[in-house]
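The values are calculated or read from the model by the stated rules, or taken from the named source; none is laboratory data. A quick note: this is a predicted structure, and the numbers were derived from the prediction, not measured. Methodologically, a virtual Cβ is constructed for each residue, glycine included, from the backbone with ideal geometry; neighbour enumeration extends over all protein chains shown.
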Amino acid sequence: MAEIDRLLKYLKENKGSDLHLAAGRTPRVRIHGELADVAGWSPVENGKLREMLREVCADYCWNEYEETHDADFAYGLDGVARFRANYFVQQTGVGAVFRIIPEKILTVDDLKVPPAIRKLAELRQGLVVVTGPTGSGKSTTLAAIIDKINRENSRHIVTIEDPVEFVHQNQQSVLSHREIGYHTKGFAPALRAAVRQDADVVLVGEMRDRETISLAITAAEMGMLVFGTLHTNSAAKTIDRIIDAFPASEQPQVRLSLSESLAAVVAQLLLPTADGKGRMAVHEILLRTQGLPNLIREGNIQMLASVIQGGKSEGMQAMDDVLFQLASENKIAGKDAYMKANDKGRFERFAPAD
């Protein structure tokens, strides 16, 4: 057994989400959003930690780490879980973060997602963007949607990730999992190839550059159902981020293409529950309506709030509305709602005391 496995077992047994390692420091785990030292461990010096990290890393990945000082890969520990690993170099030497990937893919029922998010699995084409900060549960939500498609539809689903996180078993659908750096050179080449692979559904782990964003939009225009992620925190900022990825001369054409292909935007946050015993996802949901394409074409993004308010009967919801409701019902702490809210004035009664 690799020495690092003991730490990963500790993470799982203590219901943590992340293991943090840094040369010269005590290993720490994140539990319900808070970091704490691993019991019984003292600081690990650089040489020792380097040996521990090397032991669980494939040669090709370690070579990349040696060359670039960064590496991402997935590591599976039988009977425990899969982990998404990120290696880096920092001031005191080597460092790493291992994030747990649940062995069991949580379903949309397990996650209790709003009905509008469940219905995204029924789409036949278009671009669906799930956004939120790192650690907000985007991958878990997308895995649940892919699982629903897999169980209920006969499709070819191609996932493109860095690294592959959730591994789906073929049910009604056929899945092709592709890992950046191992199965393909990048998101853009893999997206181009998906067109030739008779893909019905494509999951793009991260729309991290202009080329990938452009190809995702094009694939959706060609009739595929494309799911992608961004690190924005609202529907409006998501659309702005997509448009702003392109030079000004190209933006009118991108607005036109996006207006025709965008099917939904789901912005997600993950907040501690009021009792401190867990975390819960909070969503802003924008769905395609008859008037949405025109707003995108004209760059009238400030009107999206009105679109969301007018689409409540269809399942749309604004982040501030959901935060306010959950705080009022004491399901999340008022101070957390205040910190995440856009309209601070509305949440004044939840503001933390000075």
Matching residues in region 38-50 - criterion: being under 16 Å from residue 8 (Cβ atoms) and either among the charged types (D, E, K, R) or in a helix (DSSP H, G or I) (or both):
49
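For (1) among the basic types (Lys, Arg); (2) on the phi > 0 side of the Ramachandran plot; (3) outside the structural domain of residue 232 (by TED's automatic domain parsing), each residue gets a yes or a no:
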{"site": "309", "(1), (2), (3)": "no, no, no"}
{"site": "312", "(1), (2), (3)": "yes, no, no"}
{"site": "324", "(1), (2), (3)": "no, no, yes"}
{"site": "328", "(1), (2), (3)": "no, no, yes"}
{"site": "335", "(1), (2), (3)": "yes, no, yes"}
{"site": "340", "(1), (2), (3)": "yes, no, yes"}
{"site": "344", "(1), (2), (3)": "yes, no, yes"}
{"site": "348", "(1), (2), (3)": "no, no, yes"}
{"site": "351", "(1), (2), (3)": "no, no, yes"}
Hey, residue 159 hits all of (1) assigned to a loop (DSSP other than H, G, I, E, B); (2) hydroxyl-bearing (Ser, Thr, Tyr); (3) within 22 Å of residue 100 (Cα to Cα) but one; which does it fall short on?
(1)
Looking only at region 241-275, count how many residues are in contact (Cβ under 8 Å) with a residue 12 or more places away in the chain and more than 30 Å from residue 333 (Cα to Cα).
14
Residue list for region 22-77, restricted to those being within 24 Å of residue 160 (Cα to Cα), over 25 Å from the mean Cα position of the chain (by Cα) and touching a residue at least 40 places away in the same chain (Cβ under 8 Å):
60
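So that you can scan it fast, the table gives a plain yes or no per residue for (1) crowded, with 18+ Cβ neighbours inside 10 Å; (2) over 25 Å from the mean Cα position of the chain (by Cα); (3) not in a helix (DSSP H, G or I):
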site: 267; (1), (2), (3): yes, no, yes
site: 272; (1), (2), (3): no, no, yes
site: 282; (1), (2), (3): yes, no, yes
site: 305; (1), (2), (3): no, no, no
site: 324; (1), (2), (3): yes, no, no
site: 327; (1), (2), (3): yes, no, no
site: 336; (1), (2), (3): yes, no, no
site: 346; (1), (2), (3): no, yes, no
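For region 2-21, how many residues meet the condition of being charged (D, E, K, R), free of Cβ contacts under 8 Å to residues at least 60 places away in the same chain and crowded, with 17+ Cβ neighbours inside 10 Å?
We begin by selecting, within region 2-21, every residue charged (D, E, K, R); these are 3, 5-6, 9, 12-13, 15, 18.
Pick out the ones that are also free of Cβ contacts under 8 Å to residues at least 60 places away in the same chain and you get 3, 6, 13, 15.
Okay, now just the ones that are also crowded, with 17+ Cβ neighbours inside 10 Å, so none.
Number satisfying all stated conditions: 0.
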With the condition kept exactly as written, say whether any residue in region 232-248 is more than 21 Å from the chain's Cα centre (by Cα), of a type in the set (Asp, Glu) and surrounded by fewer than 21 Cβ atoms within 10 Å (Cβ to Cβ).
no
Do we have residue 108 as surrounded by fewer than 21 Cβ atoms within 10 Å (Cβ to Cβ), in contact with a Lys or Arg (Cβ under 6 Å, 6 or more places away or on another chain) and in contact (Cβ under 8 Å) with a residue 40 or more places away in the chain here?
yes
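Condition check: free of Cβ contacts under 8 Å to residues at least 24 places away in the same chain, surrounded by fewer than 19 Cβ atoms within 10 Å (Cβ to Cβ), among the aliphatic types (A, V, I, L, M) and out of contact with any helix residue (DSSP H, G or I) (no Cβ under 8 Å at 6 or more places or on another chain). Does residue 89 satisfy that?
Numbers: free of Cβ contacts under 8 Å to residues at least 24 places away in the same chain: yes; surrounded by fewer than 19 Cβ atoms within 10 Å (Cβ to Cβ): yes; among the aliphatic types (A, V, I, L, M): yes; out of contact with any helix residue (DSSP H, G or I) (no Cβ under 8 Å at 6 or more places or on another chain): yes.
Yes; evaluated as a whole, the condition is true for this residue.
Report, by residue number, each residue of region 15-29 that is modelled with pLDDT of 95 or more and over 19 Å from residue 91 (Cβ atoms).
Taking region 15-29 as the starting set, the residues that turn out to be modelled with pLDDT of 95 or more are 18-29.
Scanning region 15-29 gives 18, 19, 29.
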Please indicate, with yes or no, whether at least one residue in region 65-87 is part of a helix (DSSP H, G or I), farther than 14 Å from residue 227 by Cα, in the same structural domain as residue 28 (by TED's automatic domain parsing) and of a type in the set (Phe, Trp, Tyr).
yes
Looking for whichever is under 19 Å from the mean Cα position of the chain (by Cα) and either crowded, with 16+ Cβ neighbours inside 10 Å or not polar (S, T, N, Q) (or both) here; the options are 291, 278. Which one fits?
278
What residue, among those in region 27-60 that are within 30 Å of residue 281 (Cα to Cα) and of a type in the set (Val, Ile, Thr), is surrounded by the most Cβ atoms within 10 Å (Cβ to Cβ)?
29
